[in-house]
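The values are calculated or read from the model by the stated rules, or taken from the named source; none is laboratory data. Predicted model, so just to flag it, every value in this text is computed and none were measured. Cβ placement follows ideal geometry from the backbone for every residue including glycine, while neighbour counts extend to all protein chains displayed. Note: accessible area is taken over every heavy atom of the protein model, side chains too, but ligands, DNA and RNA are not part of it. Shrake-Rupley method; radii C 1.70, N 1.55, O 1.52, S 1.80 Å.
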Amino acid sequence: MSFASHDSATRQSQGEAITAEEVAASGAVADEDAARYALILGDDALMLAQRLSAWISRAPELEEDVALGNIALDLLGHARFLLTYAGTAWHRTEDDLAYFRDEEEFRSCRLVEQENGDFGRTIARQLIVSIFQHEVYSRLVHSTDETLAAIADKALKEVAYHQDHAIQWTLRLGLGTEESARRLQAGLDELWASVEELFIDVDPIPRLASVAVAPSTLREPTMARLGEIIEQAGLRVPEVGGSFGADRSGRFSEHRGHILAEMQVLARRHPGATW
Amino acid sequence: MPHPSTAQDSHAAPLRLADASDADAAAEEAEAGQARFDELIAEDSRIEPRDWMPADYRKSLARQISQHAHSEIIGMQPEGNWITRAPSLKRKAILMAKVQDEAGHGLYLYSAAETLGTARETFYDQLYTGRAKYSSIFNYPARTWADIGAIGWLVDGAAITNQVPLCRASYGPYGRAMVRVCKEESFHQRQGWEILHTLSHGTAEQHRMAQDAVDRFYGPALQMFGPPDTDSPNSQQSMAWNIKRFTNDELRQRFVDMIVPQAEALGLTLPDPELAWNEERGHYDFGELDWDEFFAVLKGQGPLSSQRLEHYRRARDEGAWVREAAAAYARRQAAAEPIGA
Amino acid sequence: MTSEHSAHAGGWPLWEVFIRTARGLSHVHAGSLHAPDAGMAVRNARDLYTRRNEGTSVWVVPAEAVTASDPDAKGSFFESPQGKSYRHATYYTASEGVKHL
């Protein structure tokens, strides 16, 4: 636009990262197992994006509205290309998969489905998830599935930033005031029972040796990194065992149904419509 | 100090050589300042934060820019209301980016307002306590998905019509903020139009939804330009100061002329039976707007006025401990580390 | 000093943001923001001012660390260069028509 062209500080560009549309146009077709693995990653990203997006206009400061908005948008982007790729196995679009699957068909973990709670609890969830996702994507870039490797390459850079954001806030809340330390600790304590589910090699992962990253191999590095940061923030690693039913099936989650009811309501009222 | 010592664009401390404590000197300074100010306005140049400026100019700008910022912030709510329910993932991403942009625009504008010598916290406080005004249209509900389209097309469309001339506002930081806002907003109106276009050409129910949204947002969108010129006492002064470049009615007319063909392309009707091309004027004639409703909403009687403020207050209240924690951490770090670390 | 501009009024301090839009260009003032400390300021600046790929590098500076010239002293502060046109190449016209000069 001409009125702004003289102002180099507003010069914009679209960048050249991978998009959901490009995944769809690439002609790559996922095999059944790879598609089911992509759903696991994609559903985590989608549920967390859905949760985080509810922060916009409710963050502690305007700058943080923008920061959380960026993270939610990144995650939604990950969900879109992962679901798009998964859908190639069944001739279904990202929206078919997001809006027209039922509760028990999703493969998200319970951790990302947890309610936002206060900012401390949201940061606790961000810390755990972003560190875990960073471990996943930093290995998935070596996947023999080229599309998954390309998606991981894009996601890794963004998740690295999410991790940094979560760590910065963990330190500030942990070492800020008594109240902030208490709230962040409470967030960690409440969420900790859901952490174990991240590390379960659910079906079809055991059959995808060179394609997927086995979550069980990430338990040790993820927990070590988490422990380090929690300690640095002056907090305690909760001594809470993983809760029963860690199988991503949805059979043991009450939140998933509420998230989907809200997310899917309009699309389902107009089946077949375009938007 | 005889006049508020203001921050400049970079909000920095001016290097004052001496304090003009003597009243005569102050009067002399004001006179010279006024002359310089008049000269800059006359040659259509820009006023920068640390220039001398009339107290009324400063006050009027602070009010206008902060109201504009508040509108962006409150404006996040009606659209934010639909992020979790957007009917496709692409639409969800677009809407999220748009609402996030509004937070960014609020920030740019608060920054511009702060250069006038008032901290952002003060503006927050004015909004929090209900003393500040913001665009009335955000006190209407976004009930259906089509409302997201109508808000983008009509509300953002009206806002852009208003904002493009503000890129040339005489106050430098305001103009610069508006350049950035306008540049980023160019997608907001288009995505709204596209939503309505898709709905209008979709199922019968979708078409009805689109028409209903346009019916509800048309009038309030036209009122976004403010009361008629005959009823807008501040406008004249604002134009003399080169803040406003066109009157409320001129901008409203420009907007109507723009949206009539756009509505035709959408296959939707604008809810005004008096809307007709006037060959003689070279403009569209349109009917009288409901100004009683406008002034009532402005006074806080909008359908969602109290809900919008309550949402804002809750976010501020619930974020207080976070802001305090980060500040405490920063103090502690600063105390622990030597300067420059 | 700036008494009216209370950078710390109950909130986070103010930071000025400078963005380099591409290699080879200077950092240009983009705007300002509030942040509790430098670490958060540079991250907030990235989030706020580079949402559309506008930047390859970001600087943040505490607003109160900027020292500016006095606008009222414009006359004297910026007077000296006026009338020194011999500092500009266009002053020298004898070489007109001669190539590469």
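With protein chains left intact and a 1.4 Å probe, residues in the protein assembly as shown average 43 Å² of accessible area per residue.
Within the listed set B:93, B:113, B:210, the residue fluctuating most in the Gaussian network model of chain B (springs between alpha-carbon atoms under 10 angstrom) is B:93.
The mean number of partner chain beta-carbon atoms within 10 angstrom of a residue's beta-carbon across peptide A:78-85 is 1. Between the C-alpha center of the stretch A:14-61 and that of the stretch B:84-118 there is a gap of 22 Å. Relative contact order, whole percent, for chain C stands at 24, derived from Cα pairs under 8 Å and 6 or more residues apart. Each label was represented as a point 7 Å from its Cα along the Cα-to-Cβ direction; for residue B:56 and residue C:100 these points are 6.5 nm apart. Ranking A:177, A:217 from most to least accessible surface, computed with a 1.4 Å probe over the protein chains only, gives A:217, A:177.
For the listed peptides B:67-80, B:324-337, B:244-257, a ranking on the average number of other beta carbons within 10 Å per residue, highest first, reads B:67-80, B:244-257, B:324-337.
Give me the Debye-computed log₁₀ of I(q)/I(0) at q = 0.11, 0.23 Å⁻¹ for the stretch A:85-168, equal point scatterers on Cα only, no solvent, two decimals. Here log10 of I(q) over I(0) equals -0.40, -1.14.
Suppose we look only past 11 Å in the calculated P(r) of the stretch A:190-231. What percent of the Cα-Cα pairs does that tail hold? Every Cα pair in the stretch A:190-231 considered, those over 11 Å come to 69 percent.
If you take the Cα centroid of the stretch B:281-341 and the Cα centroid of the stretch B:242-275, the two points sit 29 Å apart. Against the main long axis of the alpha-carbon atoms of chain C, helix C:38-49 sits at an angle near 70°. Ordered by solvent-accessible area of protein heavy atoms (1.4 Å probe), largest first, the residues B:118, C:56 come out as C:56, B:118. In plain terms, the C-alpha convex hull of the protein assembly as shown casts an average shadow of 38.3 nm² when viewed from every direction. Oblate is the label for the stretch B:191-329, because a/c, from the alpha-carbon gyration tensor with a ≥ b ≥ c as root eigenvalues, is 1.5 or above and a/b does not exceed b/c.
Once B binds A, the 1.4 Å probe can no longer reach about 4700 Å² of accessible area, counting both sides.
With a 10 Å cut-off around each Cβ of A:168-174, the average count of Cβ atoms from other chains is 5.
Ordered from highest to lowest accessible area with the whole protein assembly present and a 1.4 Å probe, B:239, B:209 read as B:239, B:209.
Taking Cα centre as origin and charging only the Cβ of basic (Lys, Arg, +1) and acidic (Asp, Glu, -1) residues, the dipole magnitude of the protein assembly as shown rounds to 940 debye.
Looking at the square roots a ≥ b ≥ c of the eigenvalues of the Cα gyration tensor of the stretch B:185-228, which shape do they give, rounded for a/c under 1.5, prolate if a/b is larger than b/c, or oblate? It is oblate, given that a/c is not under 1.5 and a/b is not larger than b/c.
In loop segments of the stretch A:97-134 as defined by DSSP, the chymotrypsin sites (Phe, Trp or Tyr not before Pro) with at most 15 further C-beta atoms inside 10 Å of their C-beta are A:100.
Using a probe of 1.4 Å on the protein chains alone, the accessible area found for residue B:241 is around 30 Å². What is the dipole size for the stretch B:193-328, taken about its Cα centre, with +1 at each Lys and Arg Cβ and -1 at each Asp and Glu Cβ, in debye to the nearest 20? Value, rounded to 20: 800 debye. Once the chymotrypsin sites (Phe, Trp or Tyr not before Pro) in DSSP loops with at most 16 neighbouring Cβ atoms within 10 Å are cut out of chain C, the longest remaining piece is C:1-77. Can you tell me the 0 to 90 degree angle between the C-alpha axis of helix B:23-42 and the longest principal axis of chain B, rounded to 10? On a 0 to 90 degree scale, this one is about 40. Element breakdown for the stretch B:217-341 at a 1.4 angstrom probe: carbon and sulfur atoms account for 51% of the accessible area.
Here's the picture: charge each Lys and Arg Cβ at +1 and each Asp and Glu Cβ at -1 in the stretch A:148-275, and of A:273, A:168, A:186 the one pushed furthest to the positive end of that dipole is A:273.
Secondary-structure-derived ellipticity at 222 nm for the protein assembly as shown, considering helices only, amounts to -18000 deg cm²/dmol, per-run term -39500 (n - 2.57) for DSSP H runs with n ≥ 4.
Here the scattering of chain B is modelled by Debye summation over its C-alpha atoms, one equal scatterer each and no solvent; at q = 0.10, 0.12, 0.14 Å⁻¹ the log10 of I(q)/I(0) is -0.68, -0.94, -1.20. 3J(HN,Hα) along the stretch A:21-26, derived from phi through the Karplus expression 6.51 cos²θ - 1.76 cosθ + 1.60 where θ = phi - 60°, amounts to 4, 5, 4, 5, 7, 5 Hz, with x in place of Gly and Pro. Among the residues of C:53-65, the average count of other protein chain beta-carbon atoms within 10 Å of the residue beta-carbon is 3.
Relative contact order of chain B, taken over Cα pairs closer than 8 Å and 6 or more residues apart, is 17 percent. Seen from a random direction on average, the alpha-carbon convex hull of chain A projects onto 16.3 square nanometres. Quantify, in whole percent, the carbon and sulfur part of the accessible surface of chain A (1.4 Å probe; protein heavy atoms only). For chain A, the apolar C and S fraction of the accessible surface comes to 50 percent.
Put simply, the amide H of residue B:119, placed in the peptide plane, has neighbours under 5 Å in C:6, leaving out anything fewer than 5 places away on its chain.
Chains A and C together bury roughly 1800 Å² of accessible area, counting both sides, with a 1.4 Å probe on protein heavy atoms only. Checking the a/c ratio against 1.5 first, then a/b against b/c, what shape does the Cα gyration tensor give for chain C? Oblate, because a/c is 1.5 or more while a/b does not exceed b/c.
One quarter of the convex hull surface built on the alpha carbon atoms of the stretch B:82-168 amounts to 6.9 nm², the projected area averaged over directions. By DSSP, what percent of the beta bridges with both residues in the protein assembly as shown are antiparallel, rounded to the nearest 5? Around 85 percent of the beta bridges assigned by DSSP in the protein assembly as shown are antiparallel ones.
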